[in-house]
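Enquirer: Before we start, here is the structure in question, set down as structure tokens.
The values are calculated or read from the model by the stated rules, or taken from the named source; none is laboratory data. Note that the structure is a prediction, hence the values are computed from the model and not measured. Neighbour counts run over all protein chains shown; Cβ positions are idealised from the backbone, glycine included. Remember, those area values only see protein heavy atoms, side chains included, never the ligands or the DNA or RNA. Shrake-Rupley method; radii C 1.70, N 1.55, O 1.52, S 1.80 Å.
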Amino acid sequence: MKTTKNKNIKSLLLIVLLLIIANVASNFYFHRFDLTKDKRYTLSPTSLAIIKQVKNPLSIKIYMQGELPAEFKRLQQETRQLLEEFQAYNKNIYFEFVDPLENEDANMSNVKELYQKGLTPVNITVDDKGKQSQAMVFPWAIAVYDNKEINIPLLKNRMGATITEKVIGSVQHLEYSIADALNKLTVSRQKSIAVIKGNGELADVSMAKFLLQMRESYHIGPFTLDSVATDPINTLNALQKYDLAIIAKPTETFSDEEKQVLDQYLIHGGKTLWLVDQVAIEMDSLYNESGSTLAFPRDLNLNDLFFKYGVRINPDIVKDEQGSPIKLATGEQGSGTQFQDFNWKFAPLVYPQSQHPIVKNLGGIKFDFANAIDTLKNGIKKTVLLKSSKYSKKLGTPIEINLDIVAEETSPNHYINTGNIPLAVLLEGTFNSMYENRVLPFEQNNFKTKASKSKMIVIADGDIVKNQLDKQGEPVELGFDQRSGNLYDNKDFMLNCVNYLMDDTGLINIRSKDLDLPLLDKEKVYDRYGSTQAITIGLPILLLTVFGFAFTYIRKRKYSK
């Protein structure tokens, strides 16, 4: 007995010594082990760089606590585990989970306060073994740093997706959502964006949601080309102070002097994002007694500019069987007005097929009267970001567009070798000036014929960045269609385009991170509810009981002798 006691003491001392050594070593060497197959909890280099920028206390309040549906408990757990990873690398990060509906007396005031901050709840139907109930969940967090506050959306909305599918998509974007918010709080805005005006571009209210989102990360300013006519050199010099120029749905012809300014802006290192409609037609013009309108080519005097860079936007309209829903009044005259959903083939619903970070993991993106883009060989690298479905084709203009097309019957034979039409193209490389070996519209001492490496994105639809207005004239969320009630991924696509052009590729790579999230099959669980309970609850208890009896029996036999 004495020998056994001495051995136990030695073993205990050895364990204590090893623990002391491990703790001392941990002060000099830090490492986190991620045993998941998809490295779900391994933070990307971009996230780690953002975490290091947090020098002062940063608090995050997550409004997901209390009685939550099963899917949101999964989102809550994933959020907690990811924030623990953030906290492990920087002790200045604090977080807490709160239940906004915990106090029944203060429920309404809490909900109203969250609404005012822009935190809208999700109302879902919970189905528990055939019993249905309603639940309100706030899948949001608020981060506060140095008296600055920002909302963090934890649930990613996807058109037509179930709550389970939305949660899976949300977990995939969780690291991006948190890292992006911390980046906006801790990094001062340094890069700037010029929103080009003067050629009939979209009004600010029509792209307000996009501009407000961009303003969180970049300096944004309107830039008119009107002064080019009188002072082109100073206009070019002023434009070159911006890192990116956005030209959103111009409707008036560009002069040669304006094109030289935009050309030299690109050649001198500026990035450009073009959203161009080569056909003049608006959806509102169809809502008349005849239900029809004429679509005709729009001459912007940009064809030679794009041709030199390696693309051509054709004055065609893309008709796609994979269209977006549209509500139209139905019923005979005299009866009550009824509305029915139809497939509108001139509003292609594009699901990205490319694995480029700009479009990877994005859902449906809605176009309106999109044009076709041709890519030309000129040494510039071109990546087709978005293209129509294989059941699509080009219609030349001028052409009459009629709402009666919703009743048209078609077959796959109508779309043989006509589909997969490019609608958005990324161009990267060393661009040559359009005015190389040509007479310049105005004299320029620092004129360059070839650029250092640059990039631009051309999208053959100006409405892709256009938000709708509600009855009070206020802008609604970019990508939200009030007529159908669907929310499309236009906003995420546009944000990715800007981030990529501004060389903020780290956050895009986080957004396109792939995770494997296995979930229970609810139908199988309901069908095998009894056996599932027996396996998950009864079996562990049975094993523990058998082990306890066996251990007691063996111990009695061993020491009773």
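Enquirer: Taking the range 493-511 on its own, how many of its residues are farther than 19 Å from Val458 by Cβ and either within 11 Å of the chain's Cα centre (by Cα) or hydrophobic (A, V, I, L, M, F, W, C) (or both)?
Expert: Residues meeting the conditions: 3.
Enquirer: Moving on to the next point. What number of residues in the range 255-295 are among the aromatic types (Phe, Trp, Tyr) and either at pLDDT 95 or above or within 30 Å of Asn446 (Cα to Cα) (or both)?
Expert: 2
Enquirer: Which of the strands (runs of 3 or more DSSP E) contained wholly in the range 366-421 include at least 3 residues that are under 22 Å from Asn490 (Cα atoms)?
Expert: So the answer is 381-387.
Enquirer: Could you list all residues from the range 153-184 that are surrounded by fewer than 22 Cβ atoms within 10 Å (Cβ to Cβ) and more than 21 Å from Ser47 (Cα to Cα)?
Expert: Result: Asn157, Arg158, Met159, Gly160, Ala161, Thr162, Ile163, Thr164, Glu165, Lys166.
Enquirer: Pairs only if they're at least six apart or on different chains, beta carbon under 8 angstrom, first in the range 399-416 and of a type in the set (S, T, N, Q), second assigned to a strand (DSSP E or B) and surrounded by 13 or more Cβ atoms within 10 Å (Cβ to Cβ); list them, first residue then second.
Expert: Cβ pairs passing all conditions: Asn402/Ser292.
Enquirer: Take Val187 and tell me if it is loosely packed, with under 15 Cβ neighbours inside 10 Å, over 20 Å from the mean Cα position of the chain (by Cα) and at pLDDT 90 or above.
Expert: The answer is no for Val187.
Enquirer: To continue, here is another question. Within the range 54-76, how many residues turn out to be exposed (fewer than 13 other Cβ atoms within 10 Å of the Cβ) and modelled with pLDDT of 90 or more?
Expert: Counting residues in the range 54-76 that are exposed (fewer than 13 other Cβ atoms within 10 Å of the Cβ) and modelled with pLDDT of 90 or more gives 3.
Enquirer: For the subset of the range 77-93 comprising residues that are farther than 15 Å from Leu154 by Cβ and not small (Gly, Ala, Ser), which member is surrounded by the fewest Cβ atoms within 10 Å (Cβ to Cβ)?
Expert: For the range 77-93, the residue satisfying everything is Lys91.
Enquirer: From the residues in the range 447-467 that are open to solvent by 50 Å² or more (accessible area, probe 1.4 Å) and out of contact with any helix residue (DSSP H, G or I) (no Cβ under 8 Å at 6 or more places or on another chain), which one is farthest from Ser206 (Cα to Cα)?
Expert: Ser452
Enquirer: Tell me which of these Gly118 doesn't satisfy, since it passes every other one: (1) part of a loop (DSSP other than H, G, I, E, B); (2) among the small types (Gly, Ala, Ser); (3) farther than 30 Å from Thr46 by Cα.
Expert: If we test Gly118 against (1) part of a loop (DSSP other than H, G, I, E, B); (2) among the small types (Gly, Ala, Ser); (3) farther than 30 Å from Thr46 by Cα, just (3) comes out false.
Enquirer: Now for a separate question. Please enumerate the residues belonging to the range 136-194 that are touching a residue at least 24 places away in the same chain (Cβ under 8 Å), within 22 Å of Pro57 (Cα to Cα) and in a strand (DSSP E or B).
Expert: Trp140, Ala141, Ile142, Ala143, Val144, Tyr145, Lys148, Ile150, Asn151, Ile152, Pro153
Enquirer: Tally the residues that are touching a helix residue (DSSP H, G or I) at 6+ places or on another chain (Cβ under 9 Å), surrounded by fewer than 21 Cβ atoms within 10 Å (Cβ to Cβ) and either free of Cβ contacts under 8 Å to residues at least 40 places away in the same chain or not polar (S, T, N, Q) (or both), restricting the search to the range 381-392.
Expert: Qualifying residue count, the range 381-392: 2.
Enquirer: Filter the range 292-321 down to residues that are open to solvent by 10 Å² or more (accessible area, probe 1.4 Å) and either within 26 Å of Pro232 (Cα to Cα) or touching an Asp or Glu at 6+ places or on another chain (Cβ under 8 Å) (or both), then give me how many there are.
Expert: The qualifying residues number 12.
Enquirer: Can you find a residue that is modelled with pLDDT of 85 or more, among the polar types (S, T, N, Q) and loosely packed, with under 12 Cβ neighbours inside 10 Å anywhere in the range 543-561?
Expert: yes
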